1. Given the conditions (1) over 25 Å from Lys184 (Cα atoms); (2) within 16 Å of the chain's Cα centre (by Cα); (3) of a type in the set (S, T, N, Q), report the number of the one that Ser91 does not fulfil.
2. I'm trying to understand the selection: among the residues of the range 186-222, which are within 17 Å of the chain's Cα centre (by Cα), hydrophobic (A, V, I, L, M, F, W, C) and not in a helix (DSSP H, G or I)?
3. Would you kindly identify the helices (runs of 4 or more DSSP H) lying entirely within the range 3-52 that contain at least 1 residues that are within 24 Å of Met73 (Cβ to Cβ) and either in contact with a helix residue (DSSP H, G or I) (Cβ under 7 Å, 6 or more places away or on another chain) or modelled with pLDDT under 65 (or both)?
4. Can you tell me which residues in the range 120-129 are more than 19 Å from Arg197 (Cα to Cα) and surrounded by fewer than 23 Cβ atoms within 10 Å (Cβ to Cβ)?
5. When the range 168-222 is examined, which residues are found to be among the aromatic types (Phe, Trp, Tyr) and free of Cβ contacts under 8 Å to residues at least 24 places away in the same chain?
6. List, please: which pairs have Cβ atoms under 6 Å, are six or more places apart or on different chains, and start with a residue in the range 124-144 that is in a helix (DSSP H, G or I) and end with one that is polar (S, T, N, Q) and crowded, with 22+ Cβ neighbours inside 10 Å?
7. Quick one: what pairs do we get from the range 94-112, first residue at positive phi and without any contact (Cβ under 8 Å) to a residue 60 or more places away in the chain, second among the charged types (D, E, K, R) and surrounded by 14 or more Cβ atoms within 10 Å (Cβ to Cβ), C-beta under 6 Å, 6+ apart or different chains?
8. When the range 53-65 is examined, which residues are found to be surrounded by fewer than 21 Cβ atoms within 10 Å (Cβ to Cβ), in contact (Cβ under 8 Å) with a residue 24 or more places away in the chain and either touching a Lys or Arg at 6+ places or on another chain (Cβ under 7 Å) or at positive phi (or both)?
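The values are calculated or read from the model by the stated rules, or taken from the named source; none is laboratory data. In this text the structure is predicted, and so the values were computed from the model without any measurement. Cβ placement follows ideal geometry from the backbone for every residue including glycine, while neighbour counts extend to all protein chains displayed.
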Amino acid sequence: MTITEFEQRVLEQRAVQAGHYDAEYFTGDWRAEGNNYSLEKRREIEARNPALIKEVFHPVKALDLGCGPGALMHLLWELGVDCDGIDFSESSLRLATPQVRDRIAVGQVTDPALKPAGAYDLVICREVMEHLTVLQVRRAVANIVRMSSRFVYVTTRFHPNPASLLDFTTQFDVDPTHITLLNKDMLRLMFVLEGCRSRPDLEARMDWSGKGRVLVLEKLTD
C-alpha cells in the first residue's frame with residue numbers, strides 16, 4: 001500500500017457509534033460459539049489470563065481501557081487487583097457486576113480528560129483497537145501511554161498477511177465493527193513513537209494460547 005492509498009483509506013473511515021454497543025452486542029446469541037460477555041462465559045474464556053496479569057505485571061493500580069461490562073475487572077478484583085475501567089457504552093454500566101460497576105467511567109478511549117497522567121502502573125487495552133479507525137487508534141495509543149506509569153498490555157486482531165507496514169484490513173465476517181486490523185509492527189511502532197520499548201519476554205508469557213495478538217510495552221522514564 002502506498003502512502004497515497006493509506007491516506008485515502010484512513011480519511012474514508014467512519015467511527016463506530018456508541019449506540020451499536022448495546023446489551024444485544026454484549027450478551028446476544030449472534031456471536032460464534034456463544035462467545036458473549038456474561039461473567040461466567042468470560043471466566044471460561046479468560047482462563048489463565050487474570051492470574052497471569054497479576055503474576056507478570058504485579059500491578060498496584062490497573063486500568064482496563066475499553067472494559068465492556070467489566071468481566072476482566074471483576075476477575076482481577078477476585079484476585080485482589082485494584083482496577084478501574086473506561087468504556088464507550090452506557091450498556092457497560094448496566095451489565096457490570098455490583099463489585100466493579102462504580103469503577104467504570106463511560107467515555108472515549110481517546111479522551112485524555114478521563115484519568116490523570118501516570119495514574120496506573122498497568123494499562124490494559126484488549127480487543128479494542130480493531131473497533132477504532134486508524135486515527136482513533138493513534139489517539140488511543142497516546143492516551144494509553146499518557147495514563148501509564150510503567151506497563152501497557154494490549155491484545156487485538158492484526159492483519160493476517162500485510163504486504164507492507166501501512167496495510168490494514170477489516171474483519172466484518174467476525175464482527176461488523178472490526179474496521180481496522182493493522183500490521184502488528186505498525187501498532188508497535190505507534191507505541192514506540194510515544195516513548196515505549198517492546199517487552200518480547202513479557203509478550204511471550206502473556207500469549208500463552210499462541211494466538212499472536214499480544215503486545216507488551218514498557219514506558220521509558222525521562
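1. Failing condition for Ser91: (2).
2. If the condition is that a residue be within 17 Å of the chain's Cα centre (by Cα), hydrophobic (A, V, I, L, M, F, W, C) and not in a helix (DSSP H, G or I), then Cys196, Val214, Leu215, Val216, Leu217 are the ones that fit.
3. Because the criterion is at least 1 residues that are within 24 Å of Met73 (Cβ to Cβ) and either in contact with a helix residue (DSSP H, G or I) (Cβ under 7 Å, 6 or more places away or on another chain) or modelled with pLDDT under 65 (or both), the helices (runs of 4 or more DSSP H) in the range 3-52 that meet it are 23-27, 39-46.
4. Answer for the range 120-129, where residues must be more than 19 Å from Arg197 (Cα to Cα) and surrounded by fewer than 23 Cβ atoms within 10 Å (Cβ to Cβ): just Glu127.
5. Phe172, the sole residue that qualifies.
6. Met129/Thr156; Glu130/Thr156; Glu130/Thr180; Val134/Thr180
7. none
8. Val56
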